[in-house]
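Have a look at the structure below, then the notes.
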């Protein structure tokens, strides 16, 4: 109920302040870890007339952008059970803090529609800045170890392949794995293999690289596209996910034998601290519109 009341309050405030004169549309691009948004203002409804009102129109867009972006930013999934609005309700973040994140967006010069009735400005918000602000530990947590480490190769990165429907742990159903800021990785014995507190906060801003299946099926010697190959290196460990976990299905489950390949050597455990982990998701879940 508290969440619903807060959402309602936000949307009512936005509607009452801005009416039909401004609106925001956009996409959340998980592959690029960015939000692309467009703010449009109806000049006549706002009582702005060109050419003398152009500067006023640009200033109005800039002033209204953080308020219009706020509800969409607050609805972002942090992990399998939490959104930013949950953190707000718990007092872990503030509205000022989310607006400050919004203002880190790159803004392109406003443009007029061909009929000169609407002005629009485009913004690109890097979600890495948001992720970095939510990584609060100063030292990485130790990764799980095994008492009987197996002899394993040293890998340069980790790729979790999870783009098909997977069984949800604890439920008699299947689902696509969905993106979030901080997914966890579990093994089939439900040992926690990877989570945000395991990364080095001095060097890692985002703990996961999301890619689509086309990124691992290219006409190159490695089968990887150029960007992914640069990220995971020349000898990545490829793992097929066995299931998914979470109230919101964001956390891949990998076979315990595959998990051993990661935790059996210091070099491979280091990949977790460096955030050298990519998850291959279905293309349909990697872009969300608002």
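The values are calculated or read from the model by the stated rules, or taken from the named source; none is laboratory data. A quick note: this is a predicted structure, and the numbers were derived from the prediction, not measured. Reconstructed Cβ throughout: ideal geometry from the backbone, glycine too, with neighbour counts over all protein chains shown.
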Practice task
Name the residue, out of 125, 84, that is in contact with a strand residue (DSSP E or B) (Cβ under 6 Å, 6 or more places away or on another chain), modelled with pLDDT of 95 or more and crowded, with 17+ Cβ neighbours inside 10 Å.
Solution key: 125
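Results for (1) modelled with pLDDT of 85 or more; (2) crowded, with 16+ Cβ neighbours inside 10 Å; (3) under 15 Å from the mean Cα position of the chain (by Cα); (4) within 21 Å of residue 288 (Cα to Cα), shown as yes or no for each residue.
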| residue | (1), (2), (3), (4) |
| --- | --- |
| 15 | no, no, no, no |
| 24 | yes, yes, no, yes |
| 42 | yes, yes, no, no |
| 47 | no, no, no, no |
Completion exercise
Only one of (1) closer than 20 Å to residue 77 by Cα; (2) modelled with pLDDT of 95 or more does not apply to residue 205, and that is (2)
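Do any strands (runs of 3 or more DSSP E) lying entirely in region 182-290 carry at least 1 residues that are farther than 19 Å from residue 140 by Cβ, touching a helix residue (DSSP H, G or I) at 6+ places or on another chain (Cβ under 8 Å) and touching a residue at least 24 places away in the same chain (Cβ under 8 Å), and which ones are they? First the steps, then the outcome.
Values: elements: 185-187, 192-194, 209-211, 236-240, 243-245, 251-254, 277-280, 287-289.
Output list reads 185-187, 209-211, 236-240, 277-280.
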Exercise for the section: Output the number of residues of region 165-181 satisfying the condition of being surrounded by fewer than 14 Cβ atoms within 10 Å (Cβ to Cβ) and either in contact (Cβ under 8 Å) with a residue 12 or more places away in the chain or in a strand (DSSP E or B) (or both). Expected result: 2
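Table: residues versus (1) under 17 Å from the mean Cα position of the chain (by Cα); (2) assigned by TED's automatic domain parsing to the domain that holds residue 88.
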{"position": "130", "(1), (2)": "yes, yes"}
{"position": "143", "(1), (2)": "no, no"}
{"position": "149", "(1), (2)": "no, no"}
{"position": "164", "(1), (2)": "no, no"}
{"position": "178", "(1), (2)": "yes, no"}
{"position": "184", "(1), (2)": "yes, no"}
{"position": "192", "(1), (2)": "no, no"}
{"position": "197", "(1), (2)": "yes, no"}
{"position": "219", "(1), (2)": "no, no"}
